[in-house]
1. What is the distance, in nm, between label points placed 7 Å from the Cα along the Cα-to-Cβ direction at residue 107 and at residue 59?
2. Just need log10 I(q)/I(0) for segment 108-166 at q = 0.13, 0.14, 0.23 Å⁻¹, Debye formula, equal scatterers on the alpha-carbon atoms, no solvent, rounded to two decimals.
3. What's the extension gain from residue 9 to residue 140 if we count 0.36 nm per residue and subtract their Cα-Cα distance?
4. Quick test of the membrane-span-like rule: which DSSP H helices of the chain reach at least 15 Å along their long axis (C-alpha atoms) with mean Kyte hydropathy at least 0.5?
5. When the convex hull of the C-alpha atoms of segment 64-166 is computed, what volume per residue in Å³ does it have?
6. Quick one: give the max-minus-min coordinate of the C-alpha atoms of segment 1-151 along each principal axis, largest first, in Å.
7. Could you give the size of the charge dipole of segment 1-107 about its Cα centre, using +1 on the Cβ of each K and R and -1 on the Cβ of each D and E, expressed in debye and rounded to the nearest 20?
8. Taking only the alpha carbons of segment 11-67, what extent do you get along each of the three principal axes, in Å, biggest first?
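Each value in this text was obtained by applying a stated rule to the coordinates, not by laboratory testing. Keep in mind that this is a model prediction, so the values were computed, not measured. Cβ sites come from the backbone with ideal geometry, for glycine too, and all protein chains shown count toward neighbours.
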Amino acid sequence: PAGLTDTVESGRADTEALIRAWRGRGRLGYAVTPRFAVTSSDAQLAMAGEVLAAHPDVLLQTHMSENTAEIARVAELFPGARDYLDVYDRFGLVGPRSVFAHCVHCDAGVMGRIAKAGASIAFCPSSNLLLGSGLFSLKRACASGVNTALGTDVGGGGSFSQLHMM
């Protein structure tokens, strides 16, 4: 629907306005949040990288490798990328301020690259189980040196409560 669409220019203007309005107010920060690669064009991802570069205290949060169908679709949409992480890396979205949600299907090589970049993963077991995505390998992430966190995903889970997730 028209009310839910934007252009790269209006998306950037809205993002910059939100950063000005909310970043640094009390304990608030801001995260640039492209939904995930499947819903984003090259131009949108490039703009997200530009905004991230222009604001050194802003975070990036997006989804990655939640299920195999999504991974296959990313490969179709971004045929020049070596894998899902590379899609984000090509646009300057992989670094110490990056948080990738889910990462259920990341192999040791991808985990190693995430760790080397200083990026983090937030996983949500209830969402991944509800959707049938599989289980995130905390053991693999820790062995690779990846910063990890437990997250909630009300879109695919049932609660915002961290205690409930644990």
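1. 3.0
2. Values returned for q = 0.13, 0.14, 0.23 Å⁻¹ are -0.35, -0.40, -0.89.
3. Values: separation 131, 0.36 × 131 = 47.16 nm, distance 3.94 nm.
Length difference between fully extended and current span is 43.2 nm.
4. On the way: long enough: 8-22 (21 Å, -0.29); 42-54 (18 Å, 0.91).
Long hydrophobic helices here: 42-54.
5. Details: hull volume 9.8 nm³, N = 103.
That works out to 96 Å³ per residue.
6. 40, 36, 29
7. Details: 10 positive and 14 negative charges, 98 e Å.
Dipole size: approximately 460 debye.
8. 36, 22, 17 Å, listed from the longest principal axis down.
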